Every structure is written in structure tokens, then in C-alpha cells.
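The values are calculated or read from the model by the stated rules, or taken from the named source; none is laboratory data. Computed from a prediction, not measured in an experiment: that's the story for all the values here. Cβ: placed from backbone, ideal geometry, glycine included. Neighbour counts: every protein chain shown.
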Ligand code: SF4
């Protein structure tokens, strides 16, 4: 075993994660659910809006849109230009508006939101992360949504060793107990934004330090010309891969 480290105990890790993120803002999709926008269709549309958009933006944009239309039929009835206007602030409003209109028409015709990963990913603009969020939060079905935070953190823990979010999702499906499949995204998004950040993870004081192998995290470097040290460890790996 690594010196100074304990065996990885996933139940303990999730208890510590809950404690750590209790006072942090929730991940946008879970916050929307708690504000009454937890239907599969709303989760699907909000997840699409949130792609490459900060939570602080996607949350109010989603709520503004749902105040106007929150069903497939109502959404499909919007003019594209109006929908683009309602998406103002999110990234790529024009292509997202086209995707939302296309999937809304298809769902309205079918009568329901697909309830499988494959069915969801057959919809225009929907990738594995969006499909897993919809399945997990909207339908309450076990599904692991791996975004950049989940991918980065579970690899730093040494819990998996995978080069891409897609491979990380497959690796997690093999080792992570199913009871944590939805929760892992809920906990690691705020944890990754505030504690285990991409550039300078705040390992000092991190409650997970004895469980985490800190894979790829360089030790603190003394400040040039003085006895002091940089405030936190540095990240070794390059920027995480883009994903939708
Ligand atoms: S010890 Fe450091 S690398 Fe590990 S989870 Fe905590 S902040 Fe992240």
C-alpha cells in the first residue's frame, strides 16, 4: 500500500464527499430537479443546454426556457428564432436550438422520451453524458454521467485508469457499486469545481487525502528564492479532453 494512504473504501469516500460538498452550490441538473424541473424531457433539454456552458449560466437559461415551454409539444411549437433568443447566454444557441427542436418533434411524435441510453443517444445532439444525466435524474435509472470533473477526479483517486471520459464511464461501470451511479456526478461536479480543481487541486485539507492516490498531481514546489511553498499541488496532465 502507498505510504500514508488507506485502502480505497468507496462508502467512506462518498460519506466524505457528501460532507465536503454540503455547503457548495449543487450541480445544475440536480439543482433543476430540486426546483421542480426533474422530468425526463426537462432534464434532457437542460443537459443539452449545459453542454460547454457553466452551471451559473445554464441554470437561469433553462428556467427561462421552461417558463415558456417545458413539454415536447410546447417546445416543438416554438419558432426557431424565439428559441435561439431564449437560449441567449448559453454557448452555441443556434445549433442547440436546432437540436432541441428536432428532438422535441421526434419525442412529441413518439409520445415519450426514450428510456434507454441507446434510444436517447439516437436523438440529435445527445451524447453519452447527456443521455446518462437524463436516464439517471429524469428516470431514476442507474447511469453514470462522466463529465470532465468525474473523469479527472476518479483517475486522480487511482480508482480507475482511463484516458477518456468514455473509457472512464466503462471502467466505473465495472467497479463502482450501482447505488452510486447517479450520485457520483452530483457529488463530483461541485467537488471538482471547488476542491479537486483542474489546475490546482486543494489537497491540503481535502478530506479524501488518505483514500486518494493523487495520480498525476505533482507535489507542492517551493517558491523560487524563498523557503515558502506554492499554495497547492500542480496538475501534471494537459487539459482534459473536450466532450459533449
Ligand atoms: S487529495 Fe487532492 S487530488 Fe485527491 S481528491 Fe483531494 S484534492 Fe483531489
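Do you know which residues across region 92-120 are surrounded by 14 or more Cβ atoms within 10 Å (Cβ to Cβ), touching a helix residue (DSSP H, G or I) at 6+ places or on another chain (Cβ under 7 Å) and not in a helix (DSSP H, G or I)?
Once the filter is applied, which keeps residues that are surrounded by 14 or more Cβ atoms within 10 Å (Cβ to Cβ), touching a helix residue (DSSP H, G or I) at 6+ places or on another chain (Cβ under 7 Å) and not in a helix (DSSP H, G or I), region 92-120 yields 113, 114.
Only one of 191, 139 is modelled with pLDDT of 95 or more and more than 22 Å from residue 10 (Cβ to Cβ). Can you tell me which? Steps first, answer last, please.
Values: 191 fails: more than 22 Å from residue 10 (Cβ to Cβ).
Going through 191, 139 in turn, just one is modelled with pLDDT of 95 or more and more than 22 Å from residue 10 (Cβ to Cβ): 139.
If you go through region 48-57 one residue at a time, do you hit one that is over 17 Å from the mean Cα position of the chain (by Cα), modelled with pLDDT of 95 or more, assigned by TED's automatic domain parsing to the domain that holds residue 128 and under 22 Å from residue 137 (Cβ atoms)? Break it down into steps so the answer makes sense when it comes.
Quick first cut of region 48-57, residues over 17 Å from the mean Cα position of the chain (by Cα) only: none.
Scanning region 48-57 turns up no residue that is over 17 Å from the mean Cα position of the chain (by Cα), modelled with pLDDT of 95 or more, assigned by TED's automatic domain parsing to the domain that holds residue 128 and under 22 Å from residue 137 (Cβ atoms).
Write out, first by first residue and then by second, each pair whose Cβ atoms fall under 8 Å of each other, whose residues are 6+ apart or on separate chains, and whose first residue, in region 5-16, is at positive phi while the second is exposed (fewer than 14 other Cβ atoms within 10 Å of the Cβ).
Within 8 Å, no pair qualifies.
Give me the residue from region 154-169 that is away from the ligand (no atom under 16 Å from the Cβ) and not in a loop (DSSP other than H, G, I, E, B) and, out of that set, farthest from residue 128 (Cα to Cα).
Step by step, filter region 154-169, then rank; the result is 167.
Yes or no, residue by residue, for (1) over 17 Å from the mean Cα position of the chain (by Cα); (2) buried (at least 16 other Cβ atoms within 10 Å of the Cβ); (3) in a helix (DSSP H, G or I):
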residue: 144; (1), (2), (3): no, yes, no
residue: 151; (1), (2), (3): no, yes, yes
residue: 171; (1), (2), (3): no, yes, yes
residue: 174; (1), (2), (3): yes, no, yes
residue: 184; (1), (2), (3): no, yes, yes
residue: 188; (1), (2), (3): no, yes, yes
residue: 200; (1), (2), (3): yes, no, no
residue: 205; (1), (2), (3): yes, no, no
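From (1) within 16 Å of the ligand (Cβ to nearest atom); (2) under 18 Å from residue 116 (Cβ atoms), pick out the condition that doesn't hold for residue 145.
The number of the failed condition is (1).
To keep it simple, each residue is scored yes or no on (1) outside the structural domain of residue 101 (by TED's automatic domain parsing); (2) exposed (fewer than 15 other Cβ atoms within 10 Å of the Cβ).
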{"position": "16", "(1), (2)": "yes, no"}
{"position": "59", "(1), (2)": "no, no"}
{"position": "65", "(1), (2)": "no, no"}
{"position": "68", "(1), (2)": "no, yes"}
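Could you please tell me which pairs satisfy a Cβ distance under 8 Å, a separation of 6+ or placement on different chains, a first residue in region 151-168 that is at positive phi, and a second residue that is more than 10 Å from the ligand (Cβ to nearest atom) and not in a helix (DSSP H, G or I)?
What qualifies is 158/8.
Could you list all residues from region 198-218 that are more than 6 Å from the ligand (Cβ to nearest atom) and within 15 Å of residue 188 (Cβ to Cβ)?
So in region 198-218, the residues more than 6 Å from the ligand (Cβ to nearest atom) come out as 198-200, 204-205, 207, 210-211, 213, 215-216, 218.
Correct list: 198, 207, 211.
Looking at (1) farther than 25 Å from residue 6 by Cα; (2) modelled with pLDDT of 95 or more; (3) within 16 Å of the ligand (Cβ to nearest atom), which one does residue 182 not meet, given that it meets all the others?
Unmet condition: (3).
Just give me the residues in region 1-47 being assigned to a loop (DSSP other than H, G, I, E, B) and within 16 Å of residue 67 (Cα to Cα), in sequence order.
Matches in region 1-47: 35, 36, 37, 38, 39.
Output the residue which, of all residues in region 70-91 that are within 17 Å of residue 113 (Cβ to Cβ) and in contact (Cβ under 8 Å) with a residue 12 or more places away in the chain, is surrounded by the fewest Cβ atoms within 10 Å (Cβ to Cβ).
Checked region 70-91; the qualifying residue surrounded by the fewest Cβ atoms within 10 Å (Cβ to Cβ) is 73.
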